[in-house]
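Report on the following structure.
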């Protein structure tokens with residue numbers, strides 16, 4: 001899968017503002033507690049207007065939690081769905097997810113700061129977990145599409161289809177969580193996308209070992 005093109009000036013500015021807002025809310029929350037932080041405070045520290053803030057996030061809680069993980073582009077998803085029936089599905093899924101990690105900058109500083117502040121807020125931790133559950137639900141639907149493309153007969157047994165998709169998604173989610181934790185606990189290198197590939201490689205090696 002080809003590497004994504006470098007973003008243009010407008011996209012780089014958008015990402016910089018997006019990051020500045022998140023860094024502001026996390027820094028303020030660490031210093032004062034999230035309940036004492038206002039949108040005006042965040043906007044002032046991020047050097048943006050309140051209107052600009054709301055162009056990026058619907059609330060301060062949303063800015064704190066950050067964006068929900070995305071899957072990948074529609075083209076990448078379609079390539080994965082059409083990648084069977086003889087292609088290695090686990091390896092192809094790792095490629096799909098790593099491609100998305102390459103498109104979304106893995107910001108080690110933000111992640112570490114968010115994790116530190118989140119320890120003191122079960123409410124915001126719950127919001128973050130909800131975004132991850134949404135991600136898994138999206139992934140599960142893509143896996144179902146792939147199973148049906150590889151074996152259309154599975155449509156005749158929807159319970160079996162759902163169970164298999166759930167199992168595969170949970171295995172993939174465990175590999176993703178492993179990659180995130182190794183990356184977060186380290187120095188930020190190698191990159192998150194490389195960590196994802198490595199974690200999936202470990203799963204493949206452990207489950208396919210024949211000796």
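Things worth noting here:
- Counting only alpha carbon atoms, the long axis of helix 158-185 and the longest principal axis of the chain meet at about 50°.
- log₁₀ of I(q)/I(0) at q = 0.13, 0.21, 0.28, 0.30 Å⁻¹ - the range 21-81, Debye sum with one point per alpha carbon: -0.42, -0.72, -1.13, -1.25
- Rounded to the nearest 10 degrees, the angle from helix 192-208 to the longest Cα principal axis of the chain is 30 degrees.
- Least to most buried among 146, 14, 133 (fewest other Cβ within 10 Å first): 133, 14, 146
- The Cα-based radius of gyration and maximum Cα-Cα distance (Dmax) for the chain are 19.3, 62 Å.
- Taking the chain and dividing mean pair separation by its residue count, relative contact order in percent (alpha carbons under 8 Å, at least six apart): 22
- Taking the C-alpha atoms only, the angle from helix 89-103 to the longest principal axis of the chain is near 20 degrees.
- At an R0 of 41 angstrom, the distance between the Cβ atoms of residue 31 and residue 137 translates into a FRET efficiency of 0.70.
Rule-based calculations on the coordinates, nothing more; no lab input. All figures in this text were calculated on a predicted structure; none of them were measured in a lab. Methodologically, a virtual Cβ is constructed for each residue, glycine included, from the backbone with ideal geometry; neighbour enumeration extends over all protein chains shown.
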